[in-house]
Structures are given as C-alpha cells and as structure tokens.
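Trainee: Below are the structure tokens for one structure; questions will follow.
Bear in mind these aren't lab numbers, they're just calculated from the coordinates by the rules spelled out. Nothing here was measured: the structure is a model prediction, and the numbers come from that model. In this analysis, Cβ positions are derived from the backbone assuming ideal geometry, glycine residues included, and neighbour counts consider all displayed protein chains.
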Amino acid sequence: MLSIEQAKQMAKSLRTSLQARNLEVTHAIALELVARQLGYKDWNTASARLPEQNAAPAVTFDRPIPILRMFDEAKAREFYLDFLGFSVEFEHRFEADLPLYLGISRSGLQLHLSEHHGDASPGSTVFVPMANIELLHDELMAKRYGYGRPQIVQQGWGRVLEVCDPFGNRIRFCQD
C-alpha cells in the first residue's frame, strides 16, 4: 500500500510532467488527481486512509467466531438450522468417518460447531448483542420446538432471550 508521502511524491511528479507539456495545475489539484487515481473520493479521504511512511503496522481484529462443542450432527442441525434458522457456510471432515466441523451463520452472526474433542468445552455461553429481539422470539415460538420455548427476560442491562442447545451450550441474545 502506498504511504501519504508516496502519494504526495506522485502529485509532485504529475505536476512536473504536466508543466513540461505547458499545463499548469496547482499542487492541490495534483493531489486531488492522485487521490482519484488511487480510488479515493478526494485528497482528504486519501490522506486520512493512507498510512504514514514510517508508521508501524497496527494490530487489527475482525469479529470473533465462537466455537461450540457438539456431539450429534442430527441434533445440531435440528437445533441450529431448523429451530434457530442458521444456514450452513461450510462443512469439514478430514475423512468421512471423522468428526464434523461446521460453520453456520445468520444475519451477520457466525458460529462454528465442532465434534472435535479439543476444540471447545461443552456448556459454553455466547453473548450476542442484537436488534429486534421480539421478532426473534416470535419466530422461535412459532416453530413450537419440543425442547425449548425461550422467553425474553428483562435485565438491568437489557432484554435477554437465552436458548440452550442439546449439548449444554447457551446463546444469550441481548438487546439493550
């Protein structure tokens, strides 16, 4: 990725090249032209997003993806796909008769479910901030799932809808 200093050098070089062809542009216009060439709306946007030349790379994180332990693929699919409405993103097994590692998602929430012994502890809890908790509650209640009819509970810090999977894991959906 280019640095701010490199982009400024490009603008200076562009200005010099244009002057050699008897085209006069200000330094500000050259900066704007370079910003557009780099895919930015304008120089202010480019200078805010381009790193300093000597800047150390920053540590950044994406959203975490919780891994939950499961013991029975059919029960996991019934709970997470049929009841909670997740979709399968991927399935992985090293061989046909080995444990399943399953990636699922719904509306931006990603979970990984694993039958592998060392991947996660049964009985984990995942806290999920969300919006429109009543819609989720109504959707779940309409499914009349035989192993759970979760209710919304008002806490001091928000409204919580907790579901427990067949393996002892809990997902706490919360709207503040």
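Trainee: Can you tell me the 0 to 90 degree angle between the C-alpha axis of helix 133-142 and the longest principal axis of the chain, rounded to 10?
Mentor: Helix 133-142 and the main axis of the chain meet at about 40 degrees.
Trainee: Also: Looking only at chymotrypsin sites (Phe, Trp or Tyr not before Pro) in DSSP loops with at most 10 other Cβ atoms within 10 Å, what is the longest site-free stretch of the chain?
Mentor: Result, exposed sites excluded: 95-156.
Trainee: What angle, in degrees between 0 and 90 and rounded to the nearest 10, separates the Cα long axis of helix 27-37 from the longest principal axis of the Cα atoms of the chain?
Mentor: 40 degrees
Trainee: Note the full-extension length gain between Q110 and L2 as 0.36 nm times their separation in residues minus their Cα-Cα distance, in nm to one decimal.
Mentor: Result for the pair: 35.6 nm of gain on full extension.
Trainee: Follow-up. Just grab the label-to-label distance for I29 and T125, each label 7 Å out from Cα along the Cβ direction, in nm (one decimal).
Mentor: 6.4 nm
Trainee: Are there trypsin sites (Lys or Arg not before Pro) in region 2-91 that DSSP puts in a loop and that have at most 10 other Cβ atoms within 10 Å, and which ones?
Mentor: Filter output for region 2-91: R21, K41.
Trainee: A further question on this structure: Select from A58, A142, A120 the residue whose mean-square fluctuation is largest in a Gaussian network model of the chain (Cα-Cα springs shorter than 10 Å).
Mentor: Ranking A58, A142, A120 by mean-square fluctuation puts A58 first.
Trainee: Using the Cα centre of the chain as the reference point, and only Cβ charges (+1 on K/R, -1 on D/E), how large is the resulting charge dipole? Debye, rounded to the nearest 20.
Mentor: The dipole of the chain has a size of about 700 debye.
Trainee: Additional query: Quick one: dipole size for region 4-49, taken about the Cα centre, charges +1 on Lys/Arg Cβ and -1 on Asp/Glu Cβ, in debye to the nearest 20.
Mentor: Dipole magnitude for region 4-49 comes out near 80 debye.
Trainee: Rounded to a whole number, what is D in µm²/s for region 87-176 from Stokes-Einstein with the Kirkwood radius over alpha-carbon pairs (37 °C, 0.692 mPa s)?
Mentor: 223 µm²/s
Trainee: Between D97 and Y147, what is 0.36 nm times their sequence separation minus the Cα-Cα distance? Round to one decimal in nm.
Mentor: 15.2 nm
Trainee: Right, another one. Counting DSSP beta bridges in region 65-176, what percent are antiparallel, to the nearest 5?
Mentor: About 70 percent, rounded to the nearest 5.
Trainee: If the elastic network links every pair of Cα atoms under 10 Å, which of I133, I152, I29 fluctuates the most in the Gaussian network model of the chain?
Mentor: It is I29.
Trainee: Just in region 124-160: which trypsin sites (Lys or Arg not before Pro) are loop by DSSP and have at most 14 other Cβ atoms within 10 Å?
Mentor: K143, R144
Trainee: Let me ask something additional. Placing +1 on the Cβ of each Lys and Arg and -1 on the Cβ of each Asp and Glu in the chain, which of L18, Y40, I4 has its Cα farthest towards the positive end of the resulting dipole?
Mentor: The Cα lying farthest towards the positive end belongs to L18.
Trainee: At most 12 other C-beta atoms within 10 Å and a DSSP loop state: those are the exposed GluC sites (Glu not before Pro) I care about. Give me the longest piece of the chain that has none.
Mentor: 96-176
Trainee: State, as an integer percentage, the relative contact order of the chain based on alpha-carbon contacts under 8 Å between residues 6 or more apart.
Mentor: With pairs under 8 Å counted, the relative contact order is 17 percent.
Trainee: Would you look at the GNM of the chain, springs on alpha carbons closer than 10 Å, and say which of S47, S105, S87 moves the most?
Mentor: Among S47, S105, S87, the largest mean-square fluctuation in the Gaussian network model of the chain belongs to S47.
Trainee: To the nearest 0.05, how large is the calculated FRET efficiency for K75 and S17 if R₀ is 45 Å and r is the Cβ-Cβ distance?
Mentor: Step by step, r from the Cβ atoms, then E = 0.10.
Trainee: Obtain the nm distance between the two label points defined at K41 and E162 by a simple spin-label model: each point lies 7 Å from its Cα along the Cα-to-C-beta direction.
Mentor: Label-label distance for K41 and E162, simple model: 4.4 nm.
Trainee: Same structure again: For labels at A48 and D62 in the simple 7 Å Cα→Cβ model, what's the distance in nm?
Mentor: A separation of 2.5 nm, rounded to one decimal place.
Trainee: Next up: Could you work out the helix-only [θ] at 222 nm for the chain, with each DSSP H run of four or more residues adding -39,500 (n - 2.57) and the total divided by the number of residues, to the nearest 500 deg cm²/dmol?
Mentor: Mean residue ellipticity, 222 nm, calculated: -8000 deg cm²/dmol.
Trainee: Mind sorting out which of (i) 1, 7, 12, 13, 11, 7, 6, 6, 7, 8, 7, 5, 4, 3, 1, 0, 0; (ii) 1, 8, 14, 19, 17, 14, 11, 7, 5, 2, 1, 0; (iii) 1, 8, 17, 22, 22, 17, 10, 3, 0 is the real P(r) over Cα pairs in 5 Å bins from 0, in percent computed from the coordinates?
Mentor: (i)
Trainee: Which whole-Hz ³J(HN,Hα) couplings does region 76-82 yield from phi under the Karplus relation 6.51 cos²θ - 1.76 cosθ + 1.60, θ = phi - 60°, glycine and proline marked x?
Mentor: Couplings: 5, 5, 4, 6, 6, 8, 6 Hz.
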